[in-house]
Amino acid sequence: MINKWPVIGVFDSGVGGLTVLRALRDQLPTVDFIYLGDTARVPYGTKTVASVTTYALQATRALLKRHVDYVVVACNTAASAALPRLQQEFSQTPIVGVIEPGARAACAASQTGRIGVIATESTIQAGAYTQMIKSFWPEAEVKSQACQLLVALAEEGWTEGPLVQEIVNHIIQPLKVNHGHEIDCLVLGCTHFPPFAQLIQNSVGSNITLVDSASTTAKLVAQQLKEQGLLSADDPTPGREVFLATDGRERFARVGSRFWHRAIEPQEIEIIDF
């Protein structure tokens with residue numbers, strides 16, 4: 001049962017956002033979370049902006065009906081397509097996305113301003129990371145590559161092994177051809193990508209820094225809650241998690257356990273309908 005305050009709602013197109021939830025849990029061990037994976041409509045990355053915006057609005061409403069006090073848009077595609085609309089529509093509730101923290105982290109990590117971004121097709125087409133990075137570092141050179149296939153592989157639990165390494169090498173190859181200007185930082189611009197981090201590092205080389213926006217987003221949320229006085233330093237009780245999905249309880253449990261880094265039992269997951 002969720003009975004603390006504040007309660008943080010987190011949503012993603014599938015189970016990938018559990019990487020963000022895990023980072024949030026590390027930062028906020030006593031806070032309660034409600035996680036919603038829209039598994040009936042995953043992936044978002046090939047959908048239109050209008051469709052993703054509709055899905056994001058529905059997911060946010062579903063979380064607010066559960067009386068969450070804060071919403072984290074863990075899906076990069078949803079954040080790029082719909083975050084301003086969500087913040088306008090639900091202005092009484094703080095809503096943050098993963099793109100701004102990820103862009104800030106990339107600018108901090110890069111020494112040359114030559115930054116690579118891998119993300120879903122929709123996120124790349126929207127130019128969300130490029131715009132955000134350039135808002136912090138106008139002279140930055142951003143090279144982007146759509147890696148939609150990795151989302152499907154992650155949702156199936158195919159995140160390691162020689163065959164997956166070959167696929168990653170093929171997908172990453174265009175980033176290595178940058179007219180002589182090598183990137184020194186690569187943003188993992190999708191919550192489904194962290195399980196491939198080692199394979200991606202193998203492909204790009206150890207001299208390129210990988211940036212995962214999950215930890216940066218979690219630090220931002222923790223900072224905002226502390227600044228607003230919404231955290232109780234006197235409450236040592238460990239926080240709880242509620243898992244919601246729109247389809248596939250067993251599949252969510254099986255694949256989600258890999259992202260969450262602990263076993264999720266099917267009976268822990270509530271299936272909801274928008």
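Read-outs throughout are calculated quantities, based only on the coordinates presented, and are distinct from any laboratory measurement. Treat the numbers as computed from the prediction; the structure is a model and nothing was measured. In this analysis, Cβ positions are derived from the backbone assuming ideal geometry, glycine residues included, and neighbour counts consider all displayed protein chains.
Some notes on this structure:
- Remark on residue 97: its backbone amide H falls under 5 Å from those of 73, a criterion applied only to residues 5 or more positions apart or on other chains, H modelled at 1.01 Å from N.
- The range 195-274, relative contact order in percent, only Cα pairs under 8 angstrom and at least six apart counted: 25 percent
- Packing here is the average count of other Cβ atoms within 10 Å per residue, and on that basis the peptides 84-94, 118-128, 47-57, highest first, run 118-128, 47-57, 84-94.
- Amide H contacts of residue 241 (H built 1.01 Å from N, in plane; Pro and chain starts excluded): 33 sit under 5 Å, all sequence-distant by 5 or more or on other chains.
- Helix axis angle, 249-260 relative to the chain longest principal axis, alpha carbon, degrees: 60 degrees
- Gyration tensor over alpha-carbon atoms, the chain, equivalent ellipsoid semi-axes in Å: 29, 21, 18
- Karplus (6.51, -1.76, 1.60) ³J(HN,Hα), θ = phi - 60°, over the range 92-97, in Hz, Gly and Pro reported as x: 7, 10, x, 10, 10, x
- Centre separation in Å (Cα based) which lies between the range 255-274 and the range 138-176: 25 Å
- 222 nm mean residue ellipticity, helices alone, for the chain (DSSP H n ≥ 4; -39,500 (n - 2.57); rounded to 500): -14000 deg cm²/dmol
- For the peptides 152-163, 23-34, 67-78, 253-264, the ranking by packing is 67-78, 23-34, 253-264, 152-163, with the highest mean count of neighbouring Cβ atoms within 10 Å listed first.
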